[in-house]
Amino acid sequence: MNIYDFNVTLANGEEYSLEKYKGKPMLIVNTATKCGLTGQFDELEQLYKKYEDDGLVVLGFPSDQFKQEVKSGAEAAEACRLSYGVTFPMHDLVNVNGSEAHPLFKHVTEATKGILGKSVKWNFTKFLVDRDGNVVKRFAPTDKPMSFEKEIKNVL
(Lines give C-alpha, C1' and ligand atoms only; values in the text may rest on other atoms or scores of the structure.)
Protein backbone atom coordinates (compact mmCIF):
# COMPACT_ATOMS: atom_id res chain seq x y z
CA MET A 1 0.00 0.00 0.00
CA ASN A 2 0.93 3.57 -0.60
CA ILE A 3 0.13 6.64 1.56
CA TYR A 4 -2.33 7.79 -1.10
CA ASP A 5 -4.44 4.63 -0.66
CA PHE A 6 -5.72 5.76 2.75
CA ASN A 7 -8.91 7.59 3.55
CA VAL A 8 -9.04 9.82 6.60
CA THR A 9 -11.80 11.77 8.30
CA LEU A 10 -11.61 15.44 9.18
CA ALA A 11 -12.85 16.62 12.57
CA ASN A 12 -16.07 17.80 10.90
CA GLY A 13 -16.81 14.24 9.71
CA GLU A 14 -15.79 14.75 6.06
CA GLU A 15 -13.92 11.73 4.71
CA TYR A 16 -11.34 12.10 1.96
CA SER A 17 -8.44 10.27 0.33
CA LEU A 18 -4.86 11.30 1.04
CA GLU A 19 -4.47 11.21 -2.74
CA LYS A 20 -5.70 14.80 -2.41
CA TYR A 21 -2.13 15.62 -1.36
CA LYS A 22 -0.36 13.63 -4.07
CA GLY A 23 2.89 15.39 -4.96
CA LYS A 24 2.98 17.31 -1.69
CA PRO A 25 5.19 16.54 1.30
CA MET A 26 3.24 15.80 4.47
CA LEU A 27 3.98 15.92 8.16
CA ILE A 28 1.57 13.54 9.91
CA VAL A 29 1.30 14.10 13.67
CA ASN A 30 -0.66 12.34 16.38
CA THR A 31 -1.79 15.09 18.74
CA ALA A 32 -3.46 15.61 22.09
CA THR A 33 -4.75 18.86 23.55
CA LYS A 34 -4.15 17.88 27.19
CA CYS A 35 -0.55 16.76 26.70
CA GLY A 36 2.50 18.49 28.15
CA LEU A 37 3.87 18.73 24.61
CA THR A 38 1.07 20.97 23.28
CA GLY A 39 3.60 23.79 22.88
CA GLN A 40 4.58 21.98 19.69
CA PHE A 41 1.35 23.18 18.07
CA ASP A 42 3.01 26.61 17.75
CA GLU A 43 6.03 25.23 15.87
CA LEU A 44 3.88 22.94 13.72
CA GLU A 45 1.78 25.94 12.73
CA GLN A 46 4.92 28.00 12.02
CA LEU A 47 6.28 25.30 9.71
CA TYR A 48 2.91 24.93 8.01
CA LYS A 49 2.64 28.66 7.32
CA LYS A 50 6.29 29.00 6.29
CA TYR A 51 6.24 26.12 3.76
CA GLU A 52 2.59 25.94 2.75
CA ASP A 53 3.31 27.74 -0.53
CA ASP A 54 6.05 25.16 -1.22
CA GLY A 55 3.47 22.39 -0.82
CA LEU A 56 3.96 21.24 2.79
CA VAL A 57 0.84 19.90 4.44
CA VAL A 58 0.71 19.32 8.21
CA LEU A 59 -2.01 16.85 9.22
CA GLY A 60 -3.05 16.58 12.86
CA PHE A 61 -4.63 13.36 14.14
CA PRO A 62 -5.84 13.60 17.73
CA SER A 63 -5.67 10.40 19.73
CA ASP A 64 -6.86 9.56 23.21
CA GLN A 65 -4.83 6.35 23.49
CA PHE A 66 -2.61 8.08 26.05
CA LYS A 67 -5.63 9.54 27.89
CA GLN A 68 -4.78 13.16 27.08
CA GLU A 69 -7.46 14.18 24.63
CA VAL A 70 -11.00 15.53 24.76
CA LYS A 71 -13.99 13.39 23.80
CA SER A 72 -14.18 14.02 20.05
CA GLY A 73 -12.17 15.12 17.05
CA ALA A 74 -14.44 18.16 16.68
CA GLU A 75 -13.68 19.25 20.27
CA ALA A 76 -9.96 18.65 19.74
CA ALA A 77 -9.96 20.67 16.51
CA GLU A 78 -11.84 23.51 18.20
CA ALA A 79 -9.34 23.52 21.10
CA CYS A 80 -6.45 23.55 18.62
CA ARG A 81 -7.88 26.51 16.74
CA LEU A 82 -8.88 28.54 19.79
CA SER A 83 -6.02 27.75 22.16
CA TYR A 84 -3.13 27.23 19.75
CA GLY A 85 -4.10 29.07 16.55
CA VAL A 86 -3.90 25.92 14.43
CA THR A 87 -5.00 26.34 10.81
CA PHE A 88 -3.68 23.07 9.37
CA PRO A 89 -6.16 20.20 8.88
CA MET A 90 -7.25 18.46 12.07
CA HIS A 91 -8.89 15.07 11.89
CA ASP A 92 -11.25 12.89 13.88
CA LEU A 93 -9.91 10.93 16.86
CA VAL A 94 -7.88 7.88 15.85
CA ASN A 95 -6.10 5.03 17.54
CA VAL A 96 -2.40 5.02 16.72
CA ASN A 97 -1.44 1.67 18.29
CA GLY A 98 -2.80 -1.83 18.58
CA SER A 99 -5.21 -3.91 16.57
CA GLU A 100 -7.65 -0.98 16.25
CA ALA A 101 -5.04 1.50 15.04
CA HIS A 102 -6.14 3.55 12.05
CA PRO A 103 -4.76 1.95 8.85
CA LEU A 104 -2.77 5.13 8.14
CA PHE A 105 -0.92 4.76 11.44
CA LYS A 106 -0.36 1.06 10.85
CA HIS A 107 1.27 2.06 7.55
CA VAL A 108 3.48 4.89 8.84
CA THR A 109 4.65 2.88 11.85
CA GLU A 110 5.46 -0.12 9.64
CA ALA A 111 7.52 2.15 7.39
CA THR A 112 9.54 3.63 10.28
CA LYS A 113 10.57 2.19 13.60
CA GLY A 114 10.93 4.17 16.78
CA ILE A 115 12.30 3.43 20.23
CA LEU A 116 9.38 1.07 20.91
CA GLY A 117 9.68 -0.66 17.55
CA LYS A 118 6.62 -0.05 15.41
CA SER A 119 4.47 1.42 18.19
CA VAL A 120 3.86 5.11 18.69
CA LYS A 121 5.56 5.99 21.97
CA TRP A 122 3.50 9.04 22.90
CA ASN A 123 1.55 12.02 21.60
CA PHE A 124 3.28 14.26 19.07
CA THR A 125 5.10 11.48 17.25
CA LYS A 126 5.66 12.93 13.81
CA PHE A 127 6.05 11.22 10.41
CA LEU A 128 7.55 12.99 7.40
CA VAL A 129 6.30 11.92 3.97
CA ASP A 130 8.02 12.98 0.74
CA ARG A 131 6.37 14.17 -2.50
CA ASP A 132 6.23 10.58 -3.77
CA GLY A 133 4.26 9.36 -0.75
CA ASN A 134 7.19 7.62 0.95
CA VAL A 135 7.42 7.82 4.73
CA VAL A 136 11.00 9.02 5.06
CA LYS A 137 11.45 9.75 8.76
CA ARG A 138 9.84 9.42 12.18
CA PHE A 139 10.44 12.06 14.82
CA ALA A 140 10.03 11.38 18.53
CA PRO A 141 7.41 13.13 20.65
CA THR A 142 10.11 15.27 22.28
CA ASP A 143 11.64 16.33 18.93
CA LYS A 144 10.53 19.91 18.51
CA PRO A 145 9.25 20.55 14.99
CA MET A 146 11.69 23.41 14.26
CA SER A 147 14.60 21.07 15.12
CA PHE A 148 13.98 19.08 11.94
CA GLU A 149 13.25 21.96 9.59
CA LYS A 150 16.26 20.88 7.48
CA GLU A 151 14.67 17.46 6.85
CA ILE A 152 11.44 19.19 5.83
CA LYS A 153 13.35 21.42 3.39
CA ASN A 154 14.92 18.28 1.90
CA VAL A 155 11.51 16.95 0.85
CA LEU A 156 10.27 20.26 -0.53
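The values are calculated or read from the model by the stated rules, or taken from the named source; none is laboratory data. Source: prediction; values computed, not measured. Don't worry about glycine lacking a Cβ; one is built from the backbone with ideal geometry, like all the others, and counts go over all protein chains shown.
Summed over region 13-59, residues that are acidic (Asp, Glu) and touching a strand residue (DSSP E or B) at 6+ places or on another chain (Cβ under 7 Å) total 1. Restricting attention to region 63-86, does a residue exist that is within 16 Å of the chain's Cα centre (by Cα), at pLDDT 90 or above and β-branched (Val, Ile, Thr)? No - not one qualifying residue is present in region 63-86.
For region 5-19, name all the residues that are among the acidic types (Asp, Glu) and surrounded by 13 or more Cβ atoms within 10 Å (Cβ to Cβ).
Answer for region 5-19, where residues must be among the acidic types (Asp, Glu) and surrounded by 13 or more Cβ atoms within 10 Å (Cβ to Cβ): ASP5, GLU19.
Residues in region 20-55 that are among the acidic types (Asp, Glu), surrounded by 14 or more Cβ atoms within 10 Å (Cβ to Cβ) and farther than 21 Å from LEU93 by Cβ: ASP42, GLU43, GLU52. Determine, yes or no, whether LYS20 is in a helix (DSSP H, G or I) and either β-branched (Val, Ile, Thr) or farther than 21 Å from ASN97 by Cβ (or both). So LYS20 fits the description; yes.
Within the set ASP132, ASP92, the sole residue that is under 21 Å from GLU19 (Cβ atoms), surrounded by fewer than 17 Cβ atoms within 10 Å (Cβ to Cβ) and charged (D, E, K, R) turns out to be ASP132.
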